[in-house]
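Structure, as structure tokens:
The values are calculated or read from the model by the stated rules, or taken from the named source; none is laboratory data. Model, not experiment: these values are computed from the prediction. All Cβ positions, glycine included, derive from the backbone under ideal geometry; neighbour counts span all protein chains shown. For the accessible areas, the whole protein counts, side chains as well, though only heavy atoms, and no ligand, DNA or RNA atoms are used. Shrake-Rupley method; radii C 1.70, N 1.55, O 1.52, S 1.80 Å.
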Amino acid sequence: MQVDLFTQVLVPVIGGLGIFMLGLEFMSNGIQALAVNRMRDLLGRFAGTPVKGVLAGTLITGIIQSSTAMSVMVVGMVNAGVVGLRPAISVIMGANIGTTLGNGLIALPLGPLGLLFGGIFALVYIFAKSEKMKNIALACMGFALIFYGLNLMTGGLRPLRAMPEVMSVISGLRADSFMGLLICVGTAAFITALIHSSSATIGIVMGLGSAGVLDWQTAVAFSLGADLGTTITSWMASLNLSRNAKRAAYAHISFNIIGVLITIPLFFISMDVLRWAMGWFGGDPGVPVVINGRETFPLVPVAVGLYSTFFNIFNTALLFPFTGVFERVLSRVGRDASEDEEDYSVPKYLQAEMFGNLPVAVPALQQEIDRYLQGSALYLDSARGAPNAPKDLDEHHLALDTLSRDTRTFASRLFVPGMPHAHADLVASLIEEADFAASVGETLHQTARRVKREQFSPDARELVDAALDNIGNALRSVLPGAAPSAGRTESRDQDLLDLRARCLRLGDAVKPAERGAILTLLGSAERASLLIARLDAERRSVPRVVSTAADETRDPSFGGVAAVPAE
């Protein structure tokens, strides 16, 4: 039978692969938008020990179906000190297991219904009003498109069996000997490294196996190579990352390489075990089933998914006792500590266990607000072009905005029914302090953006640096370890007036645009000074200790509380 290579093979295979990968992306994006923040909180709460880390990694990665998102989450928490390196290593072990849950779902024989359900959920996505419903529809649409794409690939690959020249090439890829196994594993690893997706590689292998182009044992060997190839992607992704990010990537690389090296000698024994286990899942995967007059092998994807899951569970069980060894080895890997950048998107001191324990929660909340202000101070370093400044100003702003939101949410949850007035007064004051801190951060962000987008002459730059120094001096008065600032606000205000006068005296020595930018900057400096002074007053308005008395009254001079120095 003559095969039309373009319409019968290329179109369905390339189209099916694109739909398959698009489905993976839609499902991952939809689920992450629904649950990533909750999963991050869950991870920070439960990943305190290696055992809990494995369970948390398996559960969360199984839900969000993205080991990449999981790695980013873990690295950020390690940088922030929320999760230690040892539990983080175990979380990555669990993430390897959680990723295979998606392979098991892909193996379900739902291909013909994929387009139907994809269309239904696409309509739901288009006409949904709420963001939550849109994300649910997006995830379900992606789930359906995965099966439809796999079904298209299987149909497109089936005609290859009628092409002797193709089968002669593929016949050399058979995992029926030790050398053949190594070639299959190496080929799959190379393909995975090229397309940067182990899920896509496994999807292609499942399609080839279902079409009968690859025998089931070779398809399983290719899935083993995909697990190895994905480590190359991790290595490439870690080249320009911080030390802790490198450690997380190297942990992933180490687990998979060691697991593959141990599994390869046991491969043929494991095939006998897999053939026996497949008796519980439908029978021998090598036996074809005739559907509409065509031979197909529907149990090959099941065998691939089952083996992939078994491999990662076996690998985790084998290496889990050596978590401490991995920690000691990986702790020596990386560059100098000065090259690490703290992740400000994740709270460092706040924990869910603190709710209901105000004496513990209040100091932690104060530390987190101080940490936010320290992160905001980096805006000034960015404006000055300092070496330690954030590389991406917008990314740093997004991280601090997330931290500010999480901090204020934590503070709001400290309110409990029946709380004494003094305690409620303290919590309310902390919420106001966090809000003033957020306003300071926003002002400094705008200041840095204005300075960075304008080119200043040497005379103008001198005034800009003086204005930045003025803001920095004001900010230092509310950072940890600051000395009492009484009387300094008036001096800083006078310095700003002097800088304004100097700017006006420059005359034609500076361009009008430069003069306008300097005057705007001085306005921002004045606003920052006022916000910092208000934040400092708020700190003094309520004692930052949890009092046992419930009958304290407010002092009108501070909007409600007697002025007491912050402790």
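Quick check: is even one residue across segment 176-184 modelled with pLDDT of 75 or more, open to solvent by less than 40 Å² (accessible area, probe 1.4 Å), under 30 Å from GLY30 (Cβ atoms) and not hydroxyl-bearing (Ser, Thr, Tyr)?
no
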Scan segment 383-439 for residues that are assigned to a helix (DSSP H, G or I), among the hydrophobic types (A, V, I, L, M, F, W, C) and more than 26 Å from PRO543 (Cα to Cα) and jot them down. ALA383, LEU393, LEU398, ALA399, LEU400
Among the residues of segment 343-380, the number that are over 28 Å from HIS423 (Cα atoms) and either β-branched (Val, Ile, Thr) or open to solvent by 30 Å² or more (accessible area, probe 1.4 Å) (or both) is 2
Go through segment 111-121 and give me each residue that's modelled with pLDDT of 85 or more and more than 17 Å from ALA33 (Cα to Cα). LEU116, PHE117, GLY118, GLY119, ILE120
Check on GLU538, open to solvent by less than 40 Å² (accessible area, probe 1.4 Å), within 30 Å of GLN366 (Cα to Cα) and out of contact with any His (no Cβ under 8 Å at 6 or more places or on another chain): yes
